[in-house]
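The values are calculated or read from the model by the stated rules, or taken from the named source; none is laboratory data. Predicted, not measured: the structure shown is a model, and the values here were computed from it. Please note: Cβ atoms are built from the backbone with ideal geometry, for glycine as well, and neighbour counts cover all protein chains shown.
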């Protein structure tokens, strides 16, 4: 109690110096909060993006590192593609129908082909029996009206029960304008959409796309849609035009910046027929996800299989990387603040060595004086920490604007979470403790006589 | 408090070897006695006081405060003795500048957690004893040297110590303040019954003591001034 009282009074006595220390801590904690709010925001957006998908297992090429949202602006990278056998069996059958033993004879074993997992063993049993549905996904980036747009290629058809695949996998997407183009064709397996197609052989029904809200706004697609018009895309074919069929409702996420088109169109545009970025699998029984993954891995050791949870983990790693990058920048501020705090406490200690000597002479033990220094340092750093959090919250809005320009997104990326606030408070406590460390060591080692005779 | 010093030797490690500060010092001070130690600068007067005040240890010898040999106890107990049984008055007062007059006097009680609930009352009584009660809420920086020494005396006495150690208590004071402070110390010694050991180089100040000792080149002798 006496240590607290003495510490508090010394802070008030040395107002200018206390204020400078507080400013140092404000800058450190503020930059920490502002910078890491972006990483937190990225994590939040990626998580909600992945959670909104109805995917149980993701299949990618082995070693492919893919940002779960694909590339957007400067984010993401060109990930490797999953090679799919191009010469598909014409009578390839659906995963559903494989359960019908009478159809098993239709399956053909194609070595190295992903469809291999459907092949029955010698007894006629399906190797991976729990798969409900699977679709191939691809992504690419093209310029439309001078703006780089990320397109997702995915089946626009229906599953065998008539459910539009779009709705089956990307749940929660609602149309704001136009209608979802639903092909009558059933995509019973991932191959039926991968047949080799030239750009020129695409039908008009296939040269369509759905746009995210923000992209539609930027490219003025509503007007094109209302006029039933088309929009030009630069491809190998000079007059390739796409028709916007629908605009998705605003959802304040990455989806606002994506466009979606039939996968066969996407593959034809990119000349990558037979190659997809990812395969999304739904498993019939959620309890069987791990077993399904294990079986898939057993039969296809060269491919990578991730449950939705693990996929989130991949995004978590990317976020962690972003977190560390931003923390490294914030670290400069933290080091400056810690040094400033340490310097203040050192100056304050050296100025009061005689006072400490007198206190010790009248019976104060070392821990009272050490507590006094620690409390003083903590008061300054916690005040600075709280103010720094407020400054960081304000700063994050400015940083958000910078991110919007840099990554060409307009939704708020910065996300101040309770965890971040707790980290920021812990950081301010850390600065306070480290700042007091050397002065405390000095005081602990100091002899009373030397302290009483101390000359600055 | 009765004090006995037996065969005290104290050396400092100097640049050119050991420097002898105190040599075979033997002294017996009776309870409630007021003694003065005189001597020129650098003869070990302050060291003598520091040994008695448990803030330094001799190289050889024994020092008894009542029946406790303070050379053989650990730092924790020495701290306790300093806090509860010894009062210090310094030439430079060493008041805590962030605390008011009253708070400075209350400080030893707060450190000892003693007189809880009546600390203010007790501190005011001490200020009254040293004649500075009207300035209880003053900033110590606004007091004169004599007034500061009174506050320091009140602080030294507030835990009701058995021994009061005064290191050149009038060293920074003018003649008038010196008289006032010494009169006060004499009164305190008489009224409170506190054994008082004072170090000074001023013979007029030393004259307030019951007995005067002279310290020269580390040796203690009775003085005939």
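Residue A:370 meets the stated requirement of being in a helix (DSSP H, G or I), within 14 Å of chain B (Cβ to nearest Cβ), farther than 30 Å from residue A:45 by Cα and modelled with pLDDT of 90 or more. What do you reckon, is residue A:378 away from every other protein chain (no Cβ under 14 Å), at pLDDT 85 or above and surrounded by 16 or more Cβ atoms within 10 Å (Cβ to Cβ)? It is true that residue A:378 is away from every other protein chain (no Cβ under 14 Å), at pLDDT 85 or above and surrounded by 16 or more Cβ atoms within 10 Å (Cβ to Cβ).
Here's the yes/no breakdown for (1) more than 30 Å from residue A:405 (Cβ to Cβ); (2) surrounded by fewer than 20 Cβ atoms within 10 Å (Cβ to Cβ); (3) at pLDDT 80 or above:
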| position | (1), (2), (3) |
| --- | --- |
| A:9 | yes, yes, yes |
| A:12 | yes, yes, yes |
| A:30 | no, no, yes |
| A:35 | no, no, yes |
| A:44 | no, yes, no |
| A:64 | no, yes, no |
| A:92 | yes, yes, no |
| A:109 | yes, yes, no |
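Residues are listed down the side, and each one gets a yes or a no for (1) within 14 Å of chain B (Cβ to nearest Cβ); (2) closer than 30 Å to residue B:55 by Cα; (3) surrounded by fewer than 18 Cβ atoms within 10 Å (Cβ to Cβ):
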position: A:397; (1), (2), (3): no, no, yes
position: A:401; (1), (2), (3): no, no, yes
position: A:417; (1), (2), (3): no, no, yes
position: A:429; (1), (2), (3): no, no, yes
position: A:436; (1), (2), (3): no, yes, no
position: A:447; (1), (2), (3): yes, yes, yes
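Scanning the range A:16-23 finds one or more residues that are within 14 Å of chain B (Cβ to nearest Cβ), more than 13 Å from the chain's Cα centre (by Cα) and at pLDDT below 85. Listed residues B:35, B:19, B:8; which is farther than 19 Å from residue B:214 by Cβ and away from chain A (no Cβ under 14 Å)? Result of the check over B:35, B:19, B:8: B:19. Count of the range B:160-186 residues, restricted to those that are surrounded by fewer than 16 Cβ atoms within 10 Å (Cβ to Cβ) and over 15 Å from the mean Cα position of the chain (by Cα), is 4.
From A:210, A:279, A:248, A:231, grab the single residue that is in the same structural domain as residue A:170 (by TED's automatic domain parsing), in contact (Cβ under 8 Å) with a residue 40 or more places away in the chain and more than 30 Å from residue A:307 (Cα to Cα). Result: A:231 is the single residue among A:210, A:279, A:248, A:231 that is in the same structural domain as residue A:170 (by TED's automatic domain parsing), in contact (Cβ under 8 Å) with a residue 40 or more places away in the chain and more than 30 Å from residue A:307 (Cα to Cα).
For the range B:62-89, the candidate set comprises residues that are under 12 Å from the mean Cα position of the chain (by Cα) and at the interface with chain A (Cβ under 7 Å from one of its Cβ atoms); within that set, the residue that is surrounded by the fewest Cβ atoms within 10 Å (Cβ to Cβ) is B:88. Against the test of being buried (at least 21 other Cβ atoms within 10 Å of the Cβ) and assigned to a loop (DSSP other than H, G, I, E, B), the options A:357, A:388, A:363 yield a single qualifying residue, A:363. Say whether the condition of being farther than 15 Å from residue B:122 by Cβ and at the interface with chain A (Cβ under 10 Å from one of its Cβ atoms) is met by at least one residue in the range B:100-111. Yes, that holds for at least one residue. Screening the range A:203-304 for helices (runs of 4 or more DSSP H) wholly inside it with 3 or more residues that are under 26 Å from residue A:133 (Cα atoms) returns the ranges A:263-270, A:289-299. Among all residues of the range B:109-116, there is at least one that is part of a helix (DSSP H, G or I) and free of Cβ contacts under 8 Å to residues at least 12 places away in the same chain. Scanning the range B:140-159 for residues that are buried (at least 20 other Cβ atoms within 10 Å of the Cβ) and in contact (Cβ under 8 Å) with a residue 40 or more places away in the chain returns B:140, B:148, B:149, B:151, B:152, B:153, B:154, B:155, B:156, B:157, B:158, B:159. Picking from residues in the range A:335-354 that are surrounded by 21 or more Cβ atoms within 10 Å (Cβ to Cβ) and either at pLDDT 90 or above or more than 27 Å from residue B:106 (Cβ to Cβ) (or both), the one that is farthest from the chain's Cα centre (by Cα) is A:344.
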